[in-house]
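Visitor: A single structure is presented below for examination.
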Amino acid sequence: MFQALFLKNQQFRTIAVSRAFQAFGATLFTYAFLVYAAELPHAKLAVSVISLVLALPSMLQFFFGAIAGRVTQRIQWILTTRLIETAG
């Protein structure tokens with residue numbers, strides 16, 4: 001099912017590849033940032049703040065999903081926000 005959809009649907013393929021790169025990069029960033037934070041003078045506080053910041057998007061996922069459901073031209077918005085994230 002996934003393979004057929006991936007091969008036939010260009011928009012789905014673009015989103016799937018983008019998500020894979022994002023997940024890989026986010027994982028590497030998280031590990032590197034946690035190792036760095038663990039070496040700070042207030043390591044427990046730093047790691048706690050990082051954990052909260054990383055969990056916040058998951059907690060707000062329903063709210064953002066409701067907003068995203070109202071967006072027209074979804075692919076354009078996804079690509080634009082990914083470009084802004086990359087530039088920022």
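The values are calculated or read from the model by the stated rules, or taken from the named source; none is laboratory data. Model, not experiment: these values are computed from the prediction. Positions of Cβ are backbone-derived with ideal geometry, glycine not excepted, and every protein chain shown enters the neighbour counts. These accessible areas exclude ligands, DNA and RNA; they are computed on the full protein's heavy atoms, side chains included. Shrake-Rupley method; radii C 1.70, N 1.55, O 1.52, S 1.80 Å.
Visitor: Relative to the longest principal axis of the C-alpha atoms of the chain, give the angle of the C-alpha long axis of helix 43-59, reported between 0 and 90° and rounded to the nearest 10°.
Guide: The angle comes out at about 20 degrees.
Visitor: Please state, rounded to one decimal and in Å, the Kirkwood hydrodynamic radius that the chain gives when every pair of distinct Cα atoms enters the mean of 1/r.
Guide: One decimal place: 15.6 Å for the Kirkwood radius.
Visitor: Using the basic label-point model (7 angstrom from Cα toward the beta carbon), what is the residue 12 to residue 62 distance in nanometres?
Guide: The two pseudo-label positions are separated by 2.8 nm.
Visitor: Right, another one. Expressed in nm to one decimal, what extension gain is obtained for the pair residue 4 and residue 22 from 0.36 nm per residue of sequence separation less their Cα-Cα distance?
Guide: Roughly 4.2 nm would be gained on extension.
Visitor: At R0 = 25 Å, how high is the FRET efficiency between residue 80 and residue 36 if r is their beta carbon distance? Nearest 0.05 is fine.
Guide: My answer for the efficiency is 0.25.
Visitor: Over the chain, average the accessible area per residue using a 1.4 Å probe and give it in Å², no decimals.
Guide: Ligands and nucleic acids excluded, the result is 87 Å² per residue.
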